[in-house]
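The block underneath contains the structure these notes are about, expressed in structure tokens.
What follows draws every value from the coordinates through simple rules; no lab data is involved. Here the structure is a predicted model, which means the values were calculated and not measured. In this analysis, Cβ positions are derived from the backbone assuming ideal geometry, glycine residues included, and neighbour counts consider all displayed protein chains.
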Amino acid sequence: MKNFVKYWVPVYLMAFIILYFSSLSNPPEPFMIKTPDFFKHFAEYFVFSFFVFRAFKNTRKFNSGHILYTIVFITLFAISDEVFQSFTAGRSSSLADVIVNVFSSLVFVSLKSL
């Protein structure tokens, strides 16, 4: 139970935060600064990848399985997030957003693998 709280609760909290902002018709700008959409996606999914990577690494006993699990998890979550966002008034889904989200995960796991 202690490992679940330490490693998986941050994953669930980050997923909740991402989905919460996806549910807003007009989400606020971070730090009140107008930033490009791709940067916001990259940053949030880079941090999300950290938590997912850490959770899989500490609960799975595979040599490099946690890397693959992280990429697959982030990819599926990014797709479902965009589908969810498409049902929000004033928002739309974008394949480009999914690509940026997955790219940020690939960058994260690549940096962790150095």
Q) Can you give the helix-only mean residue ellipticity at 222 nm for the chain, where every DSSP H stretch with n ≥ 4 adds -39500 (n - 2.57) and the sum goes over all residues, rounded to the nearest 500 deg cm²/dmol? A) -23500 deg cm²/dmol
(Q) Apply the Karplus curve 6.51 cos²θ - 1.76 cosθ + 1.60, θ = phi - 60°, to the phi angles in the range 95-103 and return the couplings in whole Hz, x for Gly and Pro. (A) 5, 4, 5, 4, 4, 5, 4, 5, 4
Q | Assigned charges on the beta-carbon of Lys, Arg, Asp, Glu; the range 5-114 dipole about Cα centre (debye) | A | 540
Q: On a 0 to 90° scale, report how tilted helix 37-59 is relative to the longest principal axis of the chain, with both axes built from alpha carbons and the result rounded to the nearest 10.
A: 20
Q: Compute the acute angle (0 to 90°) between the alpha-carbon long axis of helix 65-86 and the principal axis of greatest extent of the alpha-carbon atoms of the chain; round to the nearest 10°.
A: 20
(Q) Using a Gaussian network model on the chain with a 10 Å cutoff between Cα atoms, which of 22, 49, 94 fluctuates the most? (A) 94
Q: Compare 102, 52, 11 in a GNM of the chain, Cα atoms joined below 10 Å, and give the one with the largest fluctuation.
A: 11
Q | Residues 29, 82, sorted so that the one with the fewest Cβ neighbours within 10 Å comes first | A | 29, 82
**Q.** Positive-pole candidate from 27, 59, 48, dipole of the chain, charges at beta carbon
**A.** 59
Q: Give me the angle, in degrees from 0 to 90, between the Cα long axis of helix 9-22 and the longest principal axis of the Cα atoms of the chain, rounded to the nearest 10.
A: 20
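How big is the Cα convex hull of the chain in projection, averaged over all directions, in nm²?
7.6
Using alpha-carbon pairs under 8 Å, 6+ residues apart, how would you state the relative contact order of the range 2-113 in percent?
Details: 101 pairs, mean separation 39.2, N = 112.
It rounds to 35 percent for the range 2-113.
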**Q.** Of 53, 21, 73, the one that fluctuates the most in a GNM where the chain has Cα springs shorter than 10 Å
**A.** 21
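By how many nm would the segment from residue 47 to residue 12 grow when fully extended, if each residue of separation counts as 0.36 nm and the alpha-carbon distance is taken off?
Numbers: separation 35, 0.36 × 35 = 12.60 nm, distance 1.28 nm.
Length difference between fully extended and current span is 11.3 nm.
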